[in-house]
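The next block holds one structure in the form of structure tokens; read it before the comments.
The values are calculated or read from the model by the stated rules, or taken from the named source; none is laboratory data. Given the structure is predicted, the values throughout are model-derived calculations rather than measurements. For neighbour counting, all protein chains shown are included, and Cβ atoms are generated from backbone atoms with ideal geometry for every residue, glycine included. The accessibility values were calculated without ligands, DNA or RNA, using every heavy atom of the protein model including side chains. Shrake-Rupley method; radii C 1.70, N 1.55, O 1.52, S 1.80 Å.
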Amino acid sequence: MRMAVTLVVLVFAYTLVMFPFCSYLKSRPVAVKLGYMPEAEALRVIASDQRYLLAQFAVDRVLFYFGSLFMLEGKREEVQPEYFNMFTTLQKALKLDPYNLDAYYFAQAAFTWELRRIKEVNNLLEYGMKYRTWDAQLPFYAGFNAAYFQKDYRSASVFMRRAAEISHNPLYTTLAARYFYESGQSALGTAFLSTMEKSAKDPKIKKIYHLRRQALEAVQVISDAVARYHAAFKQAPTNIGSLVSSGLLHRVPIDPYGGKFYLDGDGKVRSTSKFSLKQ
């Protein structure tokens, strides 16, 4: 009987404490809910071999905090997420555990599309690549960010090449080749594709690489003729026909994708096929 009374008293006391506490949590600023994380260097000393657990706890706290914002019905626009606090927390967590996958994935999802903090996210992804050397997703994300958001095709080609070499994923290889082309590095793209073609075991994948390599080789032939035209006439050719009529191009190469090559307004070699097979 005495135990039952004690239990009832404890439950009543717990209720008296928790209801005001929950009310306080709802009313206090969101930034306080996320809280402050001490510097990683100090935490490494204190946590020792528990630093990985502490890092995961910090990442989970960011994920929970961000997710809770979408649970506030009708208040999503009124509550400004503490993005800076979130990002620095992730940075500190990764100093404790640079292998933590959740931190990289969340940074890619939360800080690119909405905030366009591409440079910061890619710096974080490059940090992760030093440790997660087997993970093709990190260079893939970095390559996508560089190409899509920054139009930095040279950097995108480097990242995507790394993703392709790790995974042997034909999609990554195709994207890498395209970024080599867009950055004016068709010769490097051709060499890369040649290597990937030789290592491919699936005949269908090998054919994909072969067609892409042929297309880049054709682009390189025309681009070289454009460069010679510039040197000879001190001006850009108006079209590919000018390269042939001037004798700098023996004939217009065939696009293996079935299109026709042409020069765009910037003098870059393009094709009506856009280097993709028709369905």
### Query
For segment 210-260, what % of the accessible area comes from carbon and sulfur atoms, probe 1.4 Å?
55 percent
### Task
Find how many whole Å separate the alpha carbon centroid of segment 232-279 from the alpha carbon centroid of segment 131-150.
32 Å
### Message
Between His230 and Ile254, what's the calculated FRET efficiency when r is the beta-carbon distance and R0 is 35 Å? Round to 0.05.
### Response
0.90
